[in-house]
Amino acid sequence: MKTFITDDFLLYNDTAKELYHNTAKDLPIIDYHNHLIPSEILRDKNYENIAEIWLGGDHYKWRAMRANGVDEAYITGSKPDYEKFMEWAKTVPNMFGNPLYHWTHLELLRYFNIDELLDEKSAPRIWEEANNKLAKPELSVRSLLKNQKVEFVGTTDDPIDGLETHMALAEEGFYSNVTPSFRPDKGLYMEREDFLPWVAKLGEVTGAEIETYDQFLTSIGERVDFFNEQGCRSSDHGIDVMFYEPATRTEVEEIFRKRLAGENVTVEETDKYKTYTLIALGEMYAEKGWIMQLHLGALRNNNKKMFRKLGPDTGFDSIGDLMIADKVAGFLDSLEEMDKLPKTILYSLNAKDYDVLASMAGNYQNSEIPGKVQFGTAWWFNDNIDGMEKQMKTLANIGLISNFVGMLTDSRSFLSFPRHEYFRRILCNLLGAWVEEHKIPKDMALLKKYVRNICYENAKRYFTL
């Protein structure tokens, strides 16, 4: 059976159709935050089958399969790829209302030209056709990026990474500008088990004996310099529970010493260390002209049994529900007081905080950078039709949607770029609906400027591409 994805998919009025088809549709993509593996771009990998590229590492799909009663052996276990694919195909028809249902069929159509609903009956045909195409150069990783006009790829990288792959791609001059993003979470969360081993590795990478907090910050600063030399334009921080506990340098030096010595540190001490360190990092980012991305509000690794079995990022995270306003304000204001607040994007996993962050962003704008502090796009559990509309309506209600830097994939899959198409259709339909409801004028030149800026130009300017 053919899919429901027509040319006017999700476009419910004439204004929306004109905006999408004449402006948004063919714009290049700037995917400024994702979890793609750059080495696969460098070697221009061809995937062996659609299960490998579609199901490998995709905890969105894993959660759906678990909810459909699929045994873990067919999700993260050792069952053959074909059998895993068949279990996914059985799951898909049960997913009405879930964005995965739309994304699945968009990806089949855009990459494989397969205009057929995926289910248990169609799966064998789709498996064979998709795999035949995946084996060809036209569907290698680099071709997938070119296919979707992906101009910029912002990967997510540990500060101790050598970035050899990024350097090789830059030297080669590949079509997509693939640059690292600085993700220092392991050096921030001193309460975690991997903190001390990570500090030791940081010392090895920088050729330093890290025995004091001064030495630690110096080594972190050297890695910021190194990332900057390789074209880094942003940092990224996964902050599940927002913290703000001011401290003196002397206090933090003692807290760091205690942790290195294996002594117990209190929750308050940990928050003092994290606050002081993140402020110090923010100062470094401002000096480099980087963007600081703060992903707030995840409640991770809830199923401890499965966490012990599979590790993190395997589909057992959910939405956190703690208050954040005063702590976010305190943190941002501490940098603003020093004139060291970098360009910042605030993302919330909990939609209850949309108004909080949209209003918070408005506190720290300036005349030099329009939209300097951004209320970021709908993220993770929110990147669906309702979530995207809610995020954009909140931004429009409280701030300026005209300066919004738009969509990202936050994905581990090279097949995920049609999510930008999904966002663009939703954006155009929202603007079109406002026109039809006489909430905004039908000034097509101005509307097309909005669409072009939100889908492409704003991010290009913001990330200085």
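Computed quantities for the displayed model
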item: Contacts under 8 angstrom Cβ, first residue in the range 334-346 being surrounded by fewer than 16 Cβ atoms within 10 Å (Cβ to Cβ), partner of a type outside the set (Ser, Thr, Tyr), 6 or more apart; result: Met338/Glu283
item: Candidate set from the range 394-418 (those that are in contact with a Phe, Trp or Tyr (Cβ under 9 Å, 6 or more places away or on another chain) and in a helix (DSSP H, G or I)); member that is farthest from Tyr456 (Cα to Cα); result: Ile398
item: Some residue of the range 435-445 being under 25 Å from Asp355 (Cβ atoms), modelled with pLDDT of 95 or more and under 22 Å from the mean Cα position of the chain (by Cα); result: no
item: In the range 180-216, residue surrounded by the most Cβ atoms within 10 Å (Cβ to Cβ) [restricted to those that are over 23 Å from Gly289 (Cβ atoms) and small (Gly, Ala, Ser)]; result: Gly203
item: Restricting the range 149-179 to residues that are among the small types (Gly, Ala, Ser) and part of a loop (DSSP other than H, G, I, E, B), the residue that is farthest from Ile291 (Cα to Cα); result: Gly173
item: In the range 437-456, the residues that are within 20 Å of Met388 (Cα to Cα), of a type outside the set (D, E, K, R) and free of Cβ contacts under 8 Å to residues at least 12 places away in the same chain; result: Ile440
item: Options Ile345, Ile369; residue that is outside the structural domain of Ala459 (by TED's automatic domain parsing), touching a strand residue (DSSP E or B) at 6+ places or on another chain (Cβ under 9 Å) and in a loop (DSSP other than H, G, I, E, B); result: Ile369
item: Unique match (being closer than 20 Å to Gly238 by Cβ and not β-branched (Val, Ile, Thr)) among Phe174, Phe182; result: Phe182
item: Answer residue from the range 113-123, given it is under 21 Å from Glu52 (Cβ atoms) and without any contact (Cβ under 8 Å) to a residue 24 or more places away in the chain and is surrounded by the fewest Cβ atoms within 10 Å (Cβ to Cβ) among those; result: Asn113
item: Filter result for Met306 (under 28 Å from Asp58 (Cβ atoms) and in contact with a Pro (Cβ under 8 Å, 6 or more places away or on another chain)); result: no
item: Residue, surrounded by the fewest Cβ atoms within 10 Å (Cβ to Cβ), within the range 252-281, restricted to residues that are within 11 Å of Leu217 (Cβ to Cβ) and more than 26 Å from the chain's Cα centre (by Cα); result: Glu253
item: Any helices (runs of 4 or more DSSP H) falling wholly within the range 45-115 and containing at least 1 residues that are basic (Lys, Arg) and in contact with a helix residue (DSSP H, G or I) (Cβ under 8 Å, 6 or more places away or on another chain); result: 59-67, 81-91, 99-112
item: Condition broken by Ile41, with the remaining ones in (1) assigned to a loop (DSSP other than H, G, I, E, B); (2) at pLDDT 95 or above satisfied; result: (1)
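The values are calculated or read from the model by the stated rules, or taken from the named source; none is laboratory data. If you're wondering where the values come from, they're calculated on a predicted model, not measured in any experiment. Glycine gets a Cβ as well: all are built from the backbone with ideal geometry, and neighbour counts include every protein chain shown.
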